[in-house]
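Trainee: Please find one structure pasted underneath; my questions will follow.
The values are calculated or read from the model by the stated rules, or taken from the named source; none is laboratory data. As the structure is a computational prediction, the values presented were derived from the model and not from experiment. Cβ placement follows ideal geometry from the backbone for every residue including glycine, while neighbour counts extend to all protein chains displayed.
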Amino acid sequence: MTVSSSTSKVSYNGDGSTTVFAYTFKTFDEDDLTVVLRSSTGTETTQTITTHYTVSGVGNAGGGNVTMLTAPAAGETLTILREQPLTQGLDLVPNDPFPAQSLEDALDKLTFMVQTHSEELDRAIKASKTNTITSTEFTVNATDRANKVFAFDSSGELSIAQELGTYRGNWAASTAYAQRDIIKDTSNNNIYICLTAHTSSGSQPISSNADSAKWALIVDAAAAATSASAAASSASAASTSATNAANSASAAATSQSAAATSATNAASSASAAATSATNAAASETNAATSETNAAASATAAAASAAAALTSENNAATSETNAATSETNAAASAATASTAATTATTQATAAATSATNAATSETNAATSETNAATSETNAAASASAAAASQTAAAASAASAASAYDSFDDRYLGPKTSDPTLDNDGNALVAGALYFNSTANEMRVYDGANWIAASSAGGASLLNYNYTATSGQTTFSGADDNAATLSYTQQNLIVTLNGIVLEDGTDYTASNGTSIVLASGAAAGDELNIVAFKSFTTADMVPASTGGTFSGNVTATKFLTTANKIETSIFRVNAQSLTADTTIDADENASATGPLTIASGVTLTVTSGGNLSIV
C-alpha cells in the first residue's frame with residue numbers, strides 16, 4: 001500500500017461514558033499503539049493492553065478502534081499514538097522470489113518510523129530555518145543546574161542562567177554581593193536588590209551608604225512604619241480631644257443646672273417680696289382707718305364740750321366722758337402712729353427684697369448666658385474632636401491601605417507556592433515570596449509562580465492545546481493545565497507543526513487568547529511558544545563607540561582612520577578613500593600597491609614613520 005497520510009496520533013476528551021475511540025492510521029501489530037490517559041491535573045499514565053484497553057482493526061489501512069475497559073472521565077484526555085518499533089525484519093535472499101508485499105510492508109514501516117520521529121520533533125523546541133545555534137549541548141550537571149533557568153547567553157547560545165534574585169539575608173559590611181542579590185536593611189527593614197556586583201562597605205541605612213547607587217529599593221518598609229506611627233498619633237490626639245469635649249459638656253451642664261437653681265431662688269425671693277408688699281399695704285390701710293376713727297372721736301369730744309356749756313347739769317358727766325374719749329383718742333392715735341411706722345418698715349423690707357430679687361434674677365440671667373456660652377464652646381470642642389477623630393481614622397485607613405498593598409505584593413517566606421495572598425484574596429501579578437524549601441525568590445506572572453531569571457537571559461513558556469471540531473479561540477488552561485499568558489509580538493504559534501503567520505492565520509491582541517482565522521479540526525494540536533523578558537548583554541554602539549570594563553579577546557579589530565590591527569596578520573585595502581594622518585609617535589605599514597583616491601590626503605607627521613612594502 002502507499003502511505004498517503006502523515007497522521008500518527010489522535011486525542012479525545014473523556015465524558016465519563018464513551019469507551020470506544022477510533023484511530024485512523026494503519027498498524028502492523030496491536031503493540032505498535034501507545035495509549036496515554038492524561039488527568040485533569042496534567043498527570044499522564046501510559047495504559048496497558050488487555051488491562052486497560054483492547055485493540056481492533058490491526059492491519060487495516062483505515063485503522064480501527066481502541067476500546068477502554070473504563071470510560072475516561074470528563075476532564076481527562078485520551079491520546080493514541082503509533083510508535084513503530086525501530087527494527088527491520090525483512091531478509092532478502094539472493095535468487096529467491098522477490099516478495100513485493102513484504103518489501104512494501106517494510107517500506108511502510110520505515111515511513112511509519114519517520115512519521116513517529118516527525119511527531120516527536122513537532123513537539124520539540126526548535127530554531128527557525130534561518131537561525132543558527134552552534135551547539136544545543138550543555139555540560140552543567142544536575143546539581144549545579146537545579147532551580148536554574150534554561151536561557152540564552154550573550155551570543156544567543158543555550159546556557160543555564162541563575163535565578164531572578166538570591167536572598168542573602170541581612171546586609172553586612174565587607175561582603176561580596178552579586179548582581180540581583182536581595183538583602184534586608186535591618187536599620188529600617190527596607191528590602192533592596194543589587195544592581196552592580198561589589199564588596200560592601202560603610203554602614204546602614206543603605207540610602208545614605210556610599211554604595212547606595214548599586215542598590216534598588218523594592219520594599220519601602222520604613223515609609224509604611226512612619227505612616228502607621230503618624231496614624232496612631234492622630235488617633236491618640238483625637239481621643240484626647242474627645243475626652244476634653246466630654247469634660248467641657250459636663251461643665252456646661254453643671255453651669256446650666258446652677259443657673260436654673262439661681263432662677264428658681266430669684267422667683268421665690270420675688271414671690272416673698274410681693275407677699276411682704278401686700279402685707280405692708282394692708283397695715284397701711286388699717287392705720288388710716290384707725291386715724292379716721294380718732295378724728296371722729298375728737299369731733300365727738302368737741303360736741304360733748306358744747307353740750308356741757310349748754311347743759312351745765314350734764315357738764316360734769318360730759319366732761320368725764322370727754323376726758324375718757326380724749327384718752328381713748330390719744331391711745332388710738334398712738335396705735336395708728338405705731339401701725340404707720342410698722343407699715344413703713346415693712347415697705348422698706350419689701351423694697352429691699354424686691355431689689356434682692358431683681359439682683360438674683362440678673363445673676364440668674366448672667367449664669368444662664370454663661371451656661372449657653374459653655375454649651376456652645378462644648379459643642380465646638382466636640383465638633384473639633386470629631387473632625388480630629390475623622391482625620392485620624394483617615395490616616396489610619398491610609399496607613400492600613402499602604403501596608404495591605406505591600407503585604408499583598410511581598411508575601412514573605414513560605415515553604416511552597418501560595419494560591420492566595422496573606423489576606424486570603426486572589427494573587428496579584430508581580431507578587432513576590434521567598435521559597436524557604438528551594439531557597440529562592442519567586443514571582444507570580446498572573447498565572448504561575450516562576451523562579452527569577454538572571455540579567456542577560458531569556459525565558460519562554462510553551463502552551464499545548466488539543467482542538468475540538470471548528471475551534472477558533474484558544475485561551476485559559478491548556479492540555480498541561482497552564483493558563484495562557486503572553487506579550488504581543490513575542491510568540492510563535494504552530495498548528496500540527498506548521499508555523500502560523502500573525503495577522504493572517506491568527507490574531508493575538510489581548511495577551512490571554514489566540515484566535516484562528518479558520519476553525520481547527522478535531523484533534524489538531526495548537527502549540528504556542530511565548531517568550532518572556534529578554535535582556536541584552538553589554539554592548540558598545542558602532543556609531544558612538546564605548547568602553548568595555550573587562551578584557552575583550554578577538555581575532556581582528558578595525559579602528560578609525562583606516563588603521564587595521566590584528567595579533568598576527570595585518571590586512572589593508574588597496575585604495576585609501578579617507579584622509580589619514582600618521583602621528584609623530586606612530587609607526588605605520590601597508591602592503592602595496594596602494595592607491596590614494598582623488599581628493600584624499602595622506603599626512604605623515606614629523607617623527608612618524610610609514611612603510612609601504
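Trainee: Does the stretch 93-106 contain at least one residue that is surrounded by 11 or more Cβ atoms within 10 Å (Cβ to Cβ), out of contact with any helix residue (DSSP H, G or I) (no Cβ under 8 Å at 6 or more places or on another chain) and closer than 30 Å to A477 by Cβ?
Mentor: No, the conditions are met nowhere in the stretch 93-106.
Trainee: For N480, are the conditions met, namely being surrounded by 13 or more Cβ atoms within 10 Å (Cβ to Cβ), part of a loop (DSSP other than H, G, I, E, B), over 28 Å from the mean Cα position of the chain (by Cα) and not charged (D, E, K, R)? Write out each step before concluding.
Mentor: On the way: surrounded by 13 or more Cβ atoms within 10 Å (Cβ to Cβ): yes; part of a loop (DSSP other than H, G, I, E, B): yes; over 28 Å from the mean Cα position of the chain (by Cα): yes; not charged (D, E, K, R): yes.
Against the criterion (surrounded by 13 or more Cβ atoms within 10 Å (Cβ to Cβ), part of a loop (DSSP other than H, G, I, E, B), over 28 Å from the mean Cα position of the chain (by Cα) and not charged (D, E, K, R)), N480 qualifies.
Trainee: In this structure, does V428 turn out to be assigned by TED's automatic domain parsing to the domain that holds A522 and touching a strand residue (DSSP E or B) at 6+ places or on another chain (Cβ under 8 Å)? Full working, then the answer.
Mentor: Details: assigned by TED's automatic domain parsing to the domain that holds A522: no; touching a strand residue (DSSP E or B) at 6+ places or on another chain (Cβ under 8 Å): yes.
No, not satisfied.
Trainee: Any idea which of A176, A151 is more than 24 Å from G412 (Cβ to Cβ) and in the same structural domain as D445 (by TED's automatic domain parsing)?
Mentor: Numbers: A151 fails: in the same structural domain as D445 (by TED's automatic domain parsing).
Answer to the check: A176.
Trainee: Does E104 satisfy the criteria of being assigned to a helix (DSSP H, G or I), more than 30 Å from Y465 (Cβ to Cβ) and of a type in the set (D, E)?
Mentor: Details: assigned to a helix (DSSP H, G or I): yes; more than 30 Å from Y465 (Cβ to Cβ): yes; of a type in the set (D, E): yes.
So E104 passes the test.
Trainee: Further question: Out of all the residues in the stretch 68-90, is one or more in a helix (DSSP H, G or I) and modelled with pLDDT of 90 or more? Show your work before the answer.
Mentor: Initially, the stretch 68-90 is screened for residues in a helix (DSSP H, G or I), giving none.
No: the stretch 68-90 contains no residue that is in a helix (DSSP H, G or I) and modelled with pLDDT of 90 or more.
Trainee: Regarding the stretch 146-166, can at least one residue be identified that is out of contact with any helix residue (DSSP H, G or I) (no Cβ under 6 Å at 6 or more places or on another chain) and of a type in the set (F, W, Y)?
Mentor: Yes, there is a match, as at least one residue in the stretch 146-166 is out of contact with any helix residue (DSSP H, G or I) (no Cβ under 6 Å at 6 or more places or on another chain) and of a type in the set (F, W, Y).
Trainee: Tell me which residues, restricted to the stretch 6-58, are assigned to a loop (DSSP other than H, G, I, E, B), touching a helix residue (DSSP H, G or I) at 6+ places or on another chain (Cβ under 9 Å) and loosely packed, with under 15 Cβ neighbours inside 10 Å.
Mentor: Of everything in the stretch 6-58, those that are assigned to a loop (DSSP other than H, G, I, E, B), touching a helix residue (DSSP H, G or I) at 6+ places or on another chain (Cβ under 9 Å) and loosely packed, with under 15 Cβ neighbours inside 10 Å turn out to be S6, T7.
Trainee: So for the stretch 119-135 (the condition being closer than 20 Å to M441 by Cα and not in a loop (DSSP other than H, G, I, E, B)), does at least one residue qualify?
Mentor: We begin by selecting, within the stretch 119-135, every residue closer than 20 Å to M441 by Cα; these are none.
No: the stretch 119-135 contains no residue that is closer than 20 Å to M441 by Cα and not in a loop (DSSP other than H, G, I, E, B).
Trainee: Name the one entry in Q101, Q84 that is within 29 Å of S39 (Cα to Cα), among the polar types (S, T, N, Q) and not assigned by TED's automatic domain parsing to the domain that holds V499.
Mentor: Values: Q101 fails: within 29 Å of S39 (Cα to Cα).
Matching residue, one of Q101, Q84: Q84.
Trainee: Also: Would you pick out the residues in the stretch 181-237 that are assigned to a strand (DSSP E or B) and more than 19 Å from Y410 (Cα to Cα)?
Mentor: H198, T199
Trainee: Separate question: Would you call S4 of a type in the set (S, T, N, Q) and either farther than 19 Å from A481 by Cβ or more than 53 Å from the chain's Cα centre (by Cα) (or both)?
Mentor: Working: of a type in the set (S, T, N, Q): yes; either farther than 19 Å from A481 by Cβ or more than 53 Å from the chain's Cα centre (by Cα) (or both): yes.
Spelling it out, S4 is indeed of a type in the set (S, T, N, Q) and either farther than 19 Å from A481 by Cβ or more than 53 Å from the chain's Cα centre (by Cα) (or both).
Trainee: Could you say whether any residue in the stretch 452-471 is surrounded by fewer than 18 Cβ atoms within 10 Å (Cβ to Cβ) and under 24 Å from the mean Cα position of the chain (by Cα)?
Mentor: no
Trainee: Among the residues of the stretch 181-192, are any closer than 30 Å to N496 by Cβ and either surrounded by fewer than 19 Cβ atoms within 10 Å (Cβ to Cβ) or in contact with a Phe, Trp or Tyr (Cβ under 9 Å, 6 or more places away or on another chain) (or both)? Talk me through it step by step, then tell me what you get.
Mentor: Initially, the stretch 181-192 is screened for residues closer than 30 Å to N496 by Cβ, giving none.
So far as the stretch 181-192 goes, no, none of its residues is closer than 30 Å to N496 by Cβ and either surrounded by fewer than 19 Cβ atoms within 10 Å (Cβ to Cβ) or in contact with a Phe, Trp or Tyr (Cβ under 9 Å, 6 or more places away or on another chain) (or both).
Trainee: If a residue must be assigned to a strand (DSSP E or B) and crowded, with 16+ Cβ neighbours inside 10 Å, how many such residues does the stretch 171-180 contain?
Mentor: Kept after step one, since they are assigned to a strand (DSSP E or B), are these residues of the stretch 171-180: 176-177.
Among the residues that remain, those that are also crowded, with 16+ Cβ neighbours inside 10 Å are: 177.
The qualifying residues number 1.
Trainee: Check I568 against each of (1) of a type in the set (A, V, I, L, M, F, W, C); (2) surrounded by fewer than 13 Cβ atoms within 10 Å (Cβ to Cβ); (3) at pLDDT 70 or above and name the one condition it does not meet.
Mentor: Evaluating I568 over (1) of a type in the set (A, V, I, L, M, F, W, C); (2) surrounded by fewer than 13 Cβ atoms within 10 Å (Cβ to Cβ); (3) at pLDDT 70 or above leaves (3) as the failure.
Trainee: Could you check A61 against (1) in a strand (DSSP E or B); (2) under 19 Å from F28 (Cα atoms); (3) out of contact with any helix residue (DSSP H, G or I) (no Cβ under 8 Å at 6 or more places or on another chain) and say which number it fails?
Mentor: The failed condition is (1).
Trainee: Report whether or not G511 is surrounded by fewer than 16 Cβ atoms within 10 Å (Cβ to Cβ) and either at pLDDT 95 or above or touching a helix residue (DSSP H, G or I) at 6+ places or on another chain (Cβ under 7 Å) (or both). It would help to see each step written out before you state the result.
Mentor: Details: surrounded by fewer than 16 Cβ atoms within 10 Å (Cβ to Cβ): yes; either at pLDDT 95 or above or touching a helix residue (DSSP H, G or I) at 6+ places or on another chain (Cβ under 7 Å) (or both): no.
So G511 does not fit the description; no.
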